[in-house]
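Input: a single structure, listed below in structure tokens.
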Amino acid sequence: MLRIALILSLSLAVLAWGAVSPQPYRPSPTPSPNTPQYTSDGRLVFPTNYREWVYLSSGVDMNYNPAFQKMDHSMFDNVFVNPEAYKSFLQTGTWPDKTMLVLEVRMAADHGSINKQGHFQTGDVMGMEIHVKDESRFTPGKWAFFGFADDKPATSFAKDMPCYSCHEQHGAVDTTFTQFYPTLIEIARKKGTLSAAYLKEEAAGTKAQETGAAKKP
Ligand code: HEC
């Protein structure tokens, strides 16, 4: 009898506990995978869903070094941006806080399937670099560069790397190479967000073209 009473009161207690305490299922607010996430030691978590982002452009065999030897193979680079930043750019002509731009470098091939000429992209990813705007984290400058060998979190490139100086001196909008993103450059021009350095470079280029044309017979 005592045993039954004990079991009864125990099950009543369990029931009562169950009635009061089951928490409604509330998933912990998972951060959007489209915003930069860091490990506790400050490494950037690789945004594995970047291929669902907005595609900006591809370059083939782009090279910024005049002394560069021509490679024996071709490479493509594809640029993607998180959709929130893209939408904001359409309205403002510049990048908001928490922008992430991904540069994916892929090996090219020229003979495959029915292709006889020209290049196409292969599954061979040669490199992955990310340019992140995080105003409170990266001071001064607001932006940082990261390079990934695989999808493990990566540390940022040191500030004295040429990534920073080249992008700062030649990037058309807020240290990014928007002059090579054909659907965005005109928006930046309309919104008046092109950098002074870029406008100067552009004017010098136009002048050189004009004088070149004038020299022609
Ligand atoms: C000499 C100039 C130069 C240097 C140095 C340079 N870049 Fe860039 N970067 C470019 C150009 C030009 C583009 C545009 C590529 C395209 O249109 O496909 C670019 C684009 C990028 C992008 C795409 C987003 C953006 O900002 O436009 C990333 C990410 C990037 N570079 C990372 C790096 C990293 C990391 C380094 C250093 C390890 C680096 N870059 C060094 C010239 C440079």
Ranked packing of 156-164, 200-208, most packed first, by mean Cβ within 10 Å: 156-164, 200-208
Which of 199, 128, 107, positive extreme of dipole for the range 34-212 (C-beta unit charges): 199
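Just the number, please: Stokes-Einstein D of the range 34-212 in µm²/s, Kirkwood Rh from C-alpha pairs, 20 °C, 1.002 mPa s.
Numbers: Rh = 17.7 Å.
Once the numbers are plugged in, D ends up at 121 µm²/s.
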Local net charge near residue 104, Cβ-Cβ under 14 Å (Lys/Arg +1, Asp/Glu -1): -4
Computed E for residue 110/residue 138 - FRET, C-beta separation, R0 30 angstrom, nearest 0.05: 0.15
Relative contact order computed over the range 34-212 (Cα-Cα under 8 Å; 6+ residues apart), in percent: 19
For residue 188, net neighbour charge (Lys/Arg +1, Asp/Glu -1) across residues whose Cβ lies under 12 Å away: 0
Fully extended contour minus Cα-Cα distance, from residue 159 to residue 119, at 0.36 nm per residue: 10.9 nm
Extended-chain gain in nm, criterion 0.36 nm per residue less alpha-carbon gap, residue 169 and residue 211: 12.7 nm
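No lab work stands behind these numbers, since they all come straight from the coordinates. Quantities reported herein were computed from a predicted structural model and do not represent experimental measurements. So basically every Cβ, Gly included, is an ideal-geometry build from the backbone, and we count neighbours across all protein chains shown.
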